[in-house]
Amino acid sequence: MNPGYKLSLRGVTRSFRSGKRTVEVLSSIDMDVRKGAFVTLIGPSGCGKSTLFNIIAGLDVPSSGTVAIDGDAESPRAGRSGYMLQQPLLLPWRTVEENILLGPEVRREARQQAREEARELMKRFGLAEFAQQYPATLSGGMKQRVALLRTVLFNRSFLLLDEPLGALDALTRLSLQMWLLDLWQSFQSSVLFITHDVREALLLSDRIYVLSARPARILRVVDVDLPRPRRQEHLAEARALQLERELLSLLLKEQPV
Amino acid sequence: MNPGYKLSLRGVTRSFRSGKRTVEVLSSIDMDVRKGAFVTLIGPSGCGKSTLFNIIAGLDVPSSGTVAIDGDAESPRAGRSGYMLQQPLLLPWRTVEENILLGPEVRREARQQAREEARELMKRFGLAEFAQQYPATLSGGMKQRVALLRTVLFNRSFLLLDEPLGALDALTRLSLQMWLLDLWQSFQSSVLFITHDVREALLLSDRIYVLSARPARILRVVDVDLPRPRRQEHLAEARALQLERELLSLLLKEQPV
Amino acid sequence: QRGNTQGGPQEMVKVTLAPDWTPNTNYTGVYVAQKQGWYHEQGIDLQILPYSPNTTPDTLVVNNKADIGISSMEGVVADAAAGQPVTSIAAIFQHNTSELVALADSGIKRPRDLDGKIYGGFGAPYEEAVVREIIKKDGGKGDFKNVIVNTNVMDALKQKKIDFAWIFEGVDGVRADREGLKLIRFPIKDHGIPDYYTPTFITSPRQMKEKPDVLRKFMAATAKGYEYAREHPEDAAKMLIELGGKDAFPDPDFVIASQKYQSQYYADPGQPWGWQEPKVWLGYPRFMLQAGAVMDASGKPVKRLEINTLYTNDFLPPKK
Amino acid sequence: MKLRRIAAFGPAFVVALALLALWEVYVRSGIVTQSVLPSPLAVVQALVDRSDALFAETVQTLLETLLGIVVATVLGLLLALALGLSSLVRQALYPLLVVSQTVPLVALAPLLLIWFGYDIQPKIVLVTLYCFFPITVACADALLSVDPDLIRLLQSMRASNWQILWMVRLPAALPAFFSGLRIAATYSVTGAIVGEYVGAERGLGIYMVKAVNAHATAAVFAAIVITSLLSLFLFVLVSFIERLALPWHQRTLPGKFGQQPERA
Amino acid sequence: MKLRRIAAFGPAFVVALALLALWEVYVRSGIVTQSVLPSPLAVVQALVDRSDALFAETVQTLLETLLGIVVATVLGLLLALALGLSSLVRQALYPLLVVSQTVPLVALAPLLLIWFGYDIQPKIVLVTLYCFFPITVACADALLSVDPDLIRLLQSMRASNWQILWMVRLPAALPAFFSGLRIAATYSVTGAIVGEYVGAERGLGIYMVKAVNAHATAAVFAAIVITSLLSLFLFVLVSFIERLALPWHQRTLPGKFGQQPERA
Ligand SMILES: Nc1ncnc2c1ncn2[C@@H]1O[C@H](COP(=O)(O)OP(=O)(O)OP(=O)(O)O)[C@@H](O)[C@H]1O
Ligand SMILES: Nc1ncnc2c1ncn2[C@@H]1O[C@H](COP(=O)(O)OP(=O)(O)OP(=O)(O)O)[C@@H](O)[C@H]1O
Ligand SMILES: Cc1ncc(C[n+]2csc(CCO)c2C)c(N)n1
Ligand SMILES: [Mg+2]
Ligand SMILES: [Mg+2]
């Protein structure tokens, strides 16, 4: 497989047995993420996006097909990506700083060094003043920032972000989108991102994979040829509007009633 | 006050005492909703939108100012609007149908007649097949439909909808927006609607009130002169895009960091 | 066989009796009289109340929940000190049949060997004083460890968790013999402790004032029962078993053996059953008071007490 | 489904059998006498031999228990309503109810005997005292923790406080009520037995006292086994009624832990 | 803040005083004798008169209780770990643990005496038997109900099972642990007293037995009052430790109901 790819999926399928029936969730997915690219999956609810992420993160195994990270399809995958789930999943008994340091701690890295790096990042991404607070005192947007930073500190080269902004209100979401783009650019991470929001996908991505309803197939691959660095205004350009319409109509057809 | 107005607010303020300090939440709000109009409030999180709704619904009283429903500023306001809060708030021990019948039951209306009407509505708005299910078995989108229908069955002439679509994913949200417009048009209700989403506001409203950060003042009143019946595509028109940009920049300025 | 044989239909008086234990051979006379219809003959409809593990018969009698109770001399003394006056109206045994026991193979040969040993007690206030006195009278120091055991002391003794215990010969002593358990016995009355009455029948001052006739009739039938048991231990035991039931008396042979022992002590030879002697009522209460084994309701030691009013023979059938 | 649920008890069954076997061997080894610890087989023997007597006592104790549970339920619900709906009542009574739970109830025995005599009342009183508290606390807590937005929704419809109580608070408190009742059910038999200690003619508690005094240890254990089974039966019964009564309510942790019974 | 919290107990205090006054009047009326129910003043008198003796017994009982709680905590946590981490252990042991809770522990008394004698061990055993279950169930439940997504997050980081236990499961179970411990604390004193009942030289339970035998009812009630106070003290102590130990954990229902203690 191409070593320029952070991630390569070939013919990945996944079925679950439930009782006597077998439910096919992923039906032969081929997918590539180039190093440093921001790639988005978009698809109807329940189509299998999180299932695919679990496989990539090493929490699940495909029924068939291969998954290669950095060209390596053999080694165990757990630990080789920074996986962020839909909820922030902060540990309520740890302060913001201690939460961010979870990754290095799991890896048993030198504590002092990790702490310095974390402080550096918190300062750079506007969380320094909350470092010693418990998560319960933070707003939803702040929690997601902390969770994102924790993910990055665990693995900055490859991020799997499963609808990280889905639970936020529309305005907060707008500001976190820009924040996320900033983060991505600073670290030159490869990102695989899930959203239900076509405009969010267009704003953030280099490439969008549109998935069908379950069992998920790839309906369309869209390369987003809008300029970088991306800004909100780019979404009002004719090209963006056309893509939006196209993607929406594709998705609404897949949407259950 | 103008009897053509469903709702008129004049100089409405509300402050809360917290400990020794007094927190001003609403600072002199003037607002009108014409009969049959769809009016939206948009404003940053925590600015006081729900507080205002509570006052209109009769759950709270303003510190000063007058609130008139159908030109009447004197009678108690509880029961004179259909109030829907952010969560669906379905009663888990009642089936969908029994949930929808909550309003008539509270009003002690004839059971049989209410039931027939409810069945009629459920059929018309695509809920008939779920009538005998418990809410726990429904998807988020379905729950919100049930909650909306319950609100309408309680009071179809005046609806207060507090971010009813806020918790849904982007695609489900799109389909419920159209469903809601359909409902509104069928009943010729007057609607006061809260959202954080500028595009949602533009898609649905005749008029948009933009509120400032706390204490809430009215920053701008926008009459949305897009054609009716509204469709998704109208949002891509130049006029809509201009309005969107305008509203967004206004709101992002009010948004806390 | 039972019922009012003489005098035609008669107004029956209801009398309640509160026992201090589940049915046992201390009560044989009552059961015999009941079985033979002697209470009925006296116009008494006797109801034996259920045993109440959490209350004393004394309390029931004082609060008019029972007419008559089964208690003991030391119980009556404690009641008087605690401000709950009851009166003893008959002694079931003429002598104290209780004893300190140890395993025969324990090396304990005489009371002074009990020094430094573990005593499995039941938490009565007079207990330590009695045991100490017995040891001292034999030339010991009277130092022992008092562990209060609320389970069967004989089991504890057999398993060597305690070194000695205080039991009734007529109950646990007889049982030990039947089990072939070898014991060394120090009967309390033979080791320098004044003899005393345990158990006894009691009633309240109020009953004595209001229903002296009924009490007399009750005692007449009861005395007849105990006299019968004294003469016919085996018959009496069978009546007891019949009325008490299989669950209270799973081992009839044991009951008969026990009864044979008990019957010897219902009265001294040639004397009627039930009588209480002033010298006995002087001796042991004095010992208790001196030993600090009597206390008031809040637990403070009581040093002086009027004893004469605590017992009477007035309700017993007159001596021939 | 049914079969699978029963199969899930397999391992427990195996362990239980193993424990019983160990017990039998231990007793036969003679380390303890049967008068302290009868062997399981001796206990079974006693259960069979004394089945008539035990059955009658069991019926009596079960009757006391059930009546007590009924009274406790009524009292518990009334108290829960008072606590749940008035913060003054809550402040005035709740600390006292907590304190009341730390009092060893056995101390009340003489008083109960004086007040109520030997009939069934003192047993009902004791079962009630053992059982009302978990019901009260669970229901009052639930009445208070109803989503305030639900209340506000009803208020916006101009529902009366009675309507809100009837349509929202009470139904919302039902699962908690059953949890409380399940805990109460496991206490209840102990309550009845303690009530019999106050003074009773029959019942499992009195049977045990008699058997202890008669040194019939196997019979004592037989009565204990029945006591356990009664508690378990009531526990299962409540769970069963709950499942029938609340079809809409799925346990949050299905197939994992049931509601725990508490100490008796 | 502090003052307000104390003031919140005002109504309870008033009601308590009123109840005590009623009690005093009732006893003085002579309807019951003081040998059944001593008046509150007589109990206070006994508390004062016998304070030296009572203090020594209290220290003994408290010691037994605290040691028992420690053992119960260790045992409860170990069991909770076993139950919470292995579904086989859960299936094998959980039903038996539930059954064990329905056995009247007093029945074990003779065995405990034979096995452990009359020293402090049987008391510790009984306190443990009374206390481990609420701790076990609360913790095992909490270990199992940890958000599975949190576990998956750690797994995606390639954390070992030990790391997941240490970093996620155990801290997440701490609030439940304290709830269980709070319930256990209210049982514990009763456990110690039942343990003394098995056989002991001293302690509040023995004091009560002696006072009962001496017909010193006021002294019995004095010991009961102390028992209640001990339970309350332990309840409050656990809550206090919890607040110190879990600064991040705000009760879900602050200022309303605390965790309920259960029947003793
Ligand atoms: N362990 C499992 N066993 C059986 N079915 C499963 C399992 N995990 C997932 N599924 C099924 O697979 C389908 C896809 O689930 P998945 O969570 O991947 O969807 P998704 O695309 O992430 O949805 P959403 O947008 O709502 O997050 C669902 O229908 C789900 O019920
Ligand atoms: N009863 C109250 N006492 C004190 N402060 C209150 C009370 N109710 C609301 N507030 C304050 O008023 C402000 C406005 O709250 P409100 O819920 O009306 O905001 P909102 O605009 O609906 O926010 P959101 O968009 O997050 O729903 C908040 O800062 C809140 O803390
Ligand atoms: C059946 C029975 N009742 C009481 C005791 C306790 N006890 C032992 S000796 C004694 C006599 C003191 O006067 C007493 C009351 C017992 N062992 N057996
Ligand atoms: Mg998903
Ligand atoms: Mg709001």
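Answer with yes or no whether A:LEU219 is hydrophobic (A, V, I, L, M, F, W, C), more than 21 Å from A:LEU127 (Cβ to Cβ), in a strand (DSSP E or B) and under 12 Å from the mean Cα position of the chain (by Cα).
In short, no.
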Checklist entry - Can we say E:PHE13 is open to solvent by 80 Å² or more (accessible area, probe 1.4 Å), at the interface with another protein chain (Cβ under 10 Å from one of its Cβ atoms), in a helix (DSSP H, G or I) and farther than 30 Å from D:ARG182 by Cα? => result yes
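Suppose we filter B:LEU180, B:LEU171 for residues that are more than 14 Å from every other protein chain (Cβ to nearest Cβ), of a type outside the set (Val, Ile, Thr) and without any contact (Cβ under 8 Å) to a residue 40 or more places away in the chain; which single one remains? Spell out how you get there, then give the answer.
Details: B:LEU171 fails: more than 14 Å from every other protein chain (Cβ to nearest Cβ).
The conditions single out B:LEU180.
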Checklist entry - Does at least one position in region C:94-106 carry a residue that is within 14 Å of chain D (Cβ to nearest Cβ), crowded, with 22+ Cβ neighbours inside 10 Å and in a loop (DSSP other than H, G, I, E, B)? => result no
Item to check | Residues of region C:222-243 classified as over 19 Å from the mean Cα position of the chain (by Cα) and within 14 Å of C:GLN36 (Cβ to Cβ), total | outcome: 7
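Taking the condition surrounded by fewer than 20 Cβ atoms within 10 Å (Cβ to Cβ) and either at positive phi or in a helix (DSSP H, G or I) (or both), does C:LYS320 pass?
no
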Checklist entry - What about A:LEU226, is it of a type outside the set (Val, Ile, Thr) and in a strand (DSSP E or B)? => result no
Checklist entry - Among D:GLU196, D:GLU201, which is the only one that is more than 12 Å from chain B (Cβ to nearest Cβ), surrounded by fewer than 19 Cβ atoms within 10 Å (Cβ to Cβ) and over 15 Å from the mean Cα position of the chain (by Cα)? => result D:GLU201
Checklist entry - Quick one: is C:ALA90 of a type in the set (A, V, I, L, M), open to solvent by 10 Å² or more (accessible area, probe 1.4 Å), away from ligand 3 (no atom under 15 Å from the Cβ) and not in a loop (DSSP other than H, G, I, E, B)? => result no
Checklist entry - Among (1) more than 16 Å from ligand 4 (Cβ to nearest atom); (2) modelled with pLDDT of 90 or more; (3) more than 14 Å from chain E (Cβ to nearest Cβ), where does A:TRP93 come up short? => result (3)
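For every residue, the table says whether it meets (1) in contact (Cβ under 8 Å) with a residue 40 or more places away in the chain; (2) within 12 Å of another protein chain (Cβ to nearest Cβ); (3) open to solvent by 10 Å² or more (accessible area, probe 1.4 Å); (4) part of a helix (DSSP H, G or I).
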position	(1), (2), (3), (4)
B:ILE56	yes, yes, no, yes
B:VAL61	no, no, yes, no
B:SER75	no, yes, yes, no
B:ALA78	no, yes, yes, no
B:GLN113	no, no, yes, yes
Item to check | Checklist (1) more than 10 Å from chain A (Cβ to nearest Cβ); (2) under 18 Å from the mean Cα position of the chain (by Cα); (3) surrounded by 21 or more Cβ atoms within 10 Å (Cβ to Cβ) applied to B:LEU243, failing item | outcome: (2)
Checklist outcome for this item: In region C:136-166, anything among the β-branched types (Val, Ile, Thr), touching a helix residue (DSSP H, G or I) at 6+ places or on another chain (Cβ under 6 Å) and facing chain E (nearest Cβ under 7 Å) is listed as C:ILE148, C:VAL149, C:THR151
Checklist entry - Taking A:GLU109, is it free of Cβ contacts under 8 Å to residues at least 40 places away in the same chain, more than 19 Å from the chain's Cα centre (by Cα), within 13 Å of another protein chain (Cβ to nearest Cβ) and not in a helix (DSSP H, G or I)? => result yes
Checklist entry - Here is a list of conditions, (1) more than 12 Å from chain E (Cβ to nearest Cβ); (2) at pLDDT below 90, and D:GLN34 meets all of them except one; can you say which number that is? => result (1)
Item to check | Residue among E:VAL168, E:VAL236, E:VAL189 that is more than 14 Å from chain C (Cβ to nearest Cβ), among the aliphatic types (A, V, I, L, M) and free of Cβ contacts under 8 Å to residues at least 12 places away in the same chain | outcome: E:VAL236
Checklist entry - Can you find even one residue in region A:173-183 that is modelled with pLDDT of 90 or more and hydroxyl-bearing (Ser, Thr, Tyr)? => result no
Checklist outcome for this item: When region D:204-233 is checked residue by residue, the ones that are under 30 Å from D:PHE178 (Cα atoms), in contact (Cβ under 8 Å) with a residue 60 or more places away in the chain and open to solvent by 20 Å² or more (accessible area, probe 1.4 Å) are D:VAL225, D:ILE226
Item to check | Complete set of residues in region E:172-193 that are open to solvent by 10 Å² or more (accessible area, probe 1.4 Å) and under 26 Å from C:LEU157 (Cβ atoms) | outcome: E:ILE193
Checklist entry - Does any residue in region A:27-52 that is over 20 Å from A:GLU244 (Cβ atoms) come within less than 9 Å, Cβ to Cβ, of a residue that is polar (S, T, N, Q) and near ligand 4 (Cβ under 9 Å from one of its atoms) six or more places away or on a different chain, and which pairs are these? => result A:SER50/A:GLN86
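Table: residues versus (1) at pLDDT below 95; (2) within 16 Å of ligand 4 (Cβ to nearest atom); (3) more than 17 Å from the chain's Cα centre (by Cα).
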position	(1), (2), (3)
A:GLY46	yes, yes, no
A:LEU52	no, yes, no
A:VAL67	no, no, no
A:ASP72	yes, no, yes
A:GLN86	yes, yes, no
Checklist entry - Can you name the residue in region E:77-96 that is touching a residue at least 12 places away in the same chain (Cβ under 8 Å) and more than 12 Å from chain D (Cβ to nearest Cβ) and, of all such residues, is least open to solvent (accessible area, probe 1.4 Å)? => result E:LEU79
Checklist entry - Which of the residues that make up region C:107-125 are in contact with a helix residue (DSSP H, G or I) (Cβ under 9 Å, 6 or more places away or on another chain) and assigned to a loop (DSSP other than H, G, I, E, B)? => result C:GLY107, C:ILE108, C:ASP115, C:LYS117, C:PHE122, C:GLY123, C:ALA124, C:PRO125
Next on the checklist: Against the conditions (1) open to solvent by 30 Å² or more (accessible area, probe 1.4 Å); (2) assigned to a strand (DSSP E or B); (3) within 11 Å of another protein chain (Cβ to nearest Cβ), where does B:GLN87 fall short? Just the number, please.
Outcome noted: (2)
Next on the checklist: Here is a check on your reading of the model: is B:GLY82 in contact with a helix residue (DSSP H, G or I) (Cβ under 8 Å, 6 or more places away or on another chain) and away from ligand 2 (no atom under 11 Å from the Cβ)?
Outcome noted: yes
Item to check | Matching residues, region A:32-54, being of a type in the set (Ser, Thr, Tyr) and either open to solvent by less than 10 Å² (accessible area, probe 1.4 Å) or more than 11 Å from ligand 1 (Cβ to nearest atom) (or both) | outcome: A:THR40
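The values are calculated or read from the model by the stated rules, or taken from the named source; none is laboratory data. Here the structure is a predicted model, which means the values were calculated and not measured. As a convention, Cβ positions derive from the backbone with ideal geometry for all residues, glycine included, and neighbour counts pool all protein chains shown. These area figures cover heavy atoms from the full protein model, side chains too; ligands, DNA and RNA do not enter into them. Shrake-Rupley method; radii C 1.70, N 1.55, O 1.52, S 1.80 Å.
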